[in-house]
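The values are calculated or read from the model by the stated rules, or taken from the named source; none is laboratory data. Computed from a predicted structure; not experimentally measured. Heads up, the Cβs are rebuilt from the backbone with ideal geometry, glycines too, and the neighbour counts pull from every protein chain shown.
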Amino acid sequence: MSGDIITVGQYRLDISTRNFTVGETTISLTPTEMNIVIHFLRHPNVYFLLSTVAEFIYGKGDRHFQEALRVHLFNVRLKITQSDPKIQFIDMHIQRGFMLKIPEIAASNEVIKTGVSTLDLHSGEYCDGARTAKLSKLQTTILETIMRSDSPISPEKLSEKVFYNSDEKAQNDLRVHIVTIRRKIEKDPKNPQRLRTKKREGYYFSGE
């Protein structure tokens, strides 16, 4: 099944077999290592604090789980560098956290369009003729998911798609991001005409 395979740049992960291919080399991952790889492959070029990643992987982000995550991150990086020393799987920034850097993505220029509204998935630039806004990578992912949806998408389902978690905290985080996106793209954020909400159904996008 194509849904069992994630391909990003030079990385290819077969979820069903836990085989992780880097360039020409295939690496076998443990279940926890695979979950870590899945998280970063699905959120390339985005920094995450260690506590945030630990919450995604273990459901808890306290110090004990952060230290366990460090060990698994080290093991994954070691497996990759042993196959190709030139590849740095995870980039670490002292203040910003950890990121999977994919140069190939930066070279892409995919733009999606709904009505008069366009969203550049690379630059995060939103434009509807009247307004232009710059979105963060995460905000771009959220808006892209809503724009691509054929019907209103519930906060629970959207949280699952974006954060791979649909608990109360994830949905609350999502609402904060929705408010921020509306402030950027709406003429009147309190009366949104683009990123709208349908009662009891969820978020949808109107490009007209």
Taking the residues in region 190-208 that are farther than 12 Å from Leu143 by Cα and surrounded by 16 or more Cβ atoms within 10 Å (Cβ to Cβ) as candidates, determine which candidate is farthest from the chain's Cα centre (by Cα).
-> Pro192
Which of (1) in contact (Cβ under 8 Å) with a residue 40 or more places away in the chain; (2) of a type outside the set (D, E, K, R); (3) more than 23 Å from Lys187 (Cα to Cα) is the odd one out, the single condition Ser159 does not satisfy?
-> (1)
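Please pick out the residue among Gly124, Gly129, Gly115 that is on the phi > 0 side of the Ramachandran plot, assigned by TED's automatic domain parsing to the domain that holds Lys169 and buried (at least 17 other Cβ atoms within 10 Å of the Cβ). Walk me through how you get there before you give the answer.
Working: Gly129 fails: buried (at least 17 other Cβ atoms within 10 Å of the Cβ); Gly115 fails: buried (at least 17 other Cβ atoms within 10 Å of the Cβ).
When all the criteria are applied, what remains is Gly124.
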Residue hits (region 158-172; in a helix (DSSP H, G or I) and either modelled with pLDDT under 90 or surrounded by 17 or more Cβ atoms within 10 Å (Cβ to Cβ) (or both)) are Leu158, Ser159, Glu160, Lys161, Val162, Phe163, Glu168, Lys169, Ala170, Gln171
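For region 44-90, name all the residues that are closer than 18 Å to Gly23 by Cα and either in contact with a strand residue (DSSP E or B) (Cβ under 8 Å, 6 or more places away or on another chain) or buried (at least 18 other Cβ atoms within 10 Å of the Cβ) (or both). Let's see the steps before the verdict.
Step one: filter region 44-90 for residues closer than 18 Å to Gly23 by Cα, giving 44, 76-90.
Answer for region 44-90, where residues must be closer than 18 Å to Gly23 by Cα and either in contact with a strand residue (DSSP E or B) (Cβ under 8 Å, 6 or more places away or on another chain) or buried (at least 18 other Cβ atoms within 10 Å of the Cβ) (or both): Pro44, Val76, Lys79, Ile80, Ser83, Asp84, Ile87, Phe89, Ile90.
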Among the residues of region 21-33, write down those that are within 21 Å of Asp91 (Cβ to Cβ) and either in contact with a Ser or Thr (Cβ under 7 Å, 6 or more places away or on another chain) or surrounded by fewer than 18 Cβ atoms within 10 Å (Cβ to Cβ) (or both).
-> Thr21, Val22, Gly23, Thr25, Ile27, Thr32
If you check Thr30 against the conditions, is it within 17 Å of the chain's Cα centre (by Cα) and over 20 Å from Ile102 (Cα atoms)?
-> no
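Of the residues Ile36, Ile15, which is surrounded by fewer than 18 Cβ atoms within 10 Å (Cβ to Cβ) and within 27 Å of Ser166 (Cβ to Cβ)?
Details: Ile36 fails: surrounded by fewer than 18 Cβ atoms within 10 Å (Cβ to Cβ).
The conditions single out Ile15.
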Kindly indicate whether any position in region 135-155 is acidic (Asp, Glu), in a helix (DSSP H, G or I) and touching a helix residue (DSSP H, G or I) at 6+ places or on another chain (Cβ under 8 Å).
-> no
